Amino acid sequence: CSYDDCANFHEKAHLPCSERCSRPFFFCCKKPLNDGLIECGRRENCPKGGWFHLNKKCCGLSEAPEDDWLCSSCVINTQKKGTHEKPDLIWEYHRGLLWYCLFFAVANSAECQGNGWLLHAVWKVCMPVFESRGHTQYLQQGYSFLSAVAGRIPRLAAHDAVHNRTVNLKGGKNNNMSWDRVIEIFNQEILTEAGIISQGGVSMSDLLT
């Protein structure tokens, strides 16, 4: 018999001698008990083999829990790993920087293309950022725009708010700019012609502050 606890065990044997000896045994007690089985949450990474008999002696449980269960060895290893590992702050910084760079690149591309729905999505993503950074004015503007598109104003006005948020002064593809920037340019031209500021001077917002 190939089962080492059997009276007929032989080292060169390759097959079990009976149905009882043919049952798989597991690393918890090395015996083919009739109890149910429970698998460690780390599965193949469990140092004790992953499978345990469902009893007080092998796993310390009388019935299987609903969530993943970890054996005692894996619990200790997880706690040790958590105490020694520190977050990689450089990685977290660069990951956040990359996210913001890509996000603002998408926002700029949406504005240049005049893509209303993409700008609408950009505003949605910006809302948690405005709230976490304390930009109350931008948060109120975003809420006003998003709620208007969602149904606060008539459908035709909502369509106009989404698709007419940019202006193309030069013509051609990808030359759109926001209404705020266009108004800024118009104010500069008017004030320049009036002699209040020189060509290429300060912006209207600078004069008002």
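The values are calculated or read from the model by the stated rules, or taken from the named source; none is laboratory data. Remember, it's a predicted structure, so these values are computed and weren't measured experimentally. All Cβ positions, glycine included, derive from the backbone under ideal geometry; neighbour counts span all protein chains shown.
Can you confirm whether residue 123 is closer than 30 Å to residue 178 by Cβ, surrounded by 15 or more Cβ atoms within 10 Å (Cβ to Cβ) and of a type in the set (A, V, I, L, M, F, W, C)?
Working: closer than 30 Å to residue 178 by Cβ: yes; surrounded by 15 or more Cβ atoms within 10 Å (Cβ to Cβ): yes; of a type in the set (A, V, I, L, M, F, W, C): yes.
Judged against the criteria, residue 123 is a match.
Applying the selection to region 142-157, what residues are among the small types (Gly, Ala, Ser) and surrounded by 14 or more Cβ atoms within 10 Å (Cβ to Cβ)? If you could, list the steps in order and put the result at the bottom.
Of region 142-157, the ones among the small types (Gly, Ala, Ser) are 142, 144, 147-148, 150-151, 157.
Selection gives 142, 148.
Note down all Cβ pairs under 7 Å where the first residue falls in region 170-193 and is touching a residue at least 40 places away in the same chain (Cβ under 8 Å) and in a strand (DSSP E or B), the second is of a type in the set (Asp, Glu) and surrounded by 14 or more Cβ atoms within 10 Å (Cβ to Cβ), and they're at least six residues apart or on different chains.
176/111; 177/111; 178/111
Output the residue which, of all residues in region 159-209 that are polar (S, T, N, Q) and modelled with pLDDT under 80, is surrounded by the most Cβ atoms within 10 Å (Cβ to Cβ).
Here the answer is 203.
Out of the residues in region 36-54 that are surrounded by 15 or more Cβ atoms within 10 Å (Cβ to Cβ) and of a type in the set (D, E, K, R), state the one that is modelled with the highest pLDDT.
39
List every residue pair whose Cβ atoms sit under 8 Å apart, with the two residues 6 or more apart in sequence or on different chains, where the first one lies in region 63-76 and is exposed (fewer than 14 other Cβ atoms within 10 Å of the Cβ) and the second, anywhere, is among the aliphatic types (A, V, I, L, M) and outside any loop (DSSP other than H, G, I, E, B).
Listed by first residue and then by second, the contacts come to 64/38.
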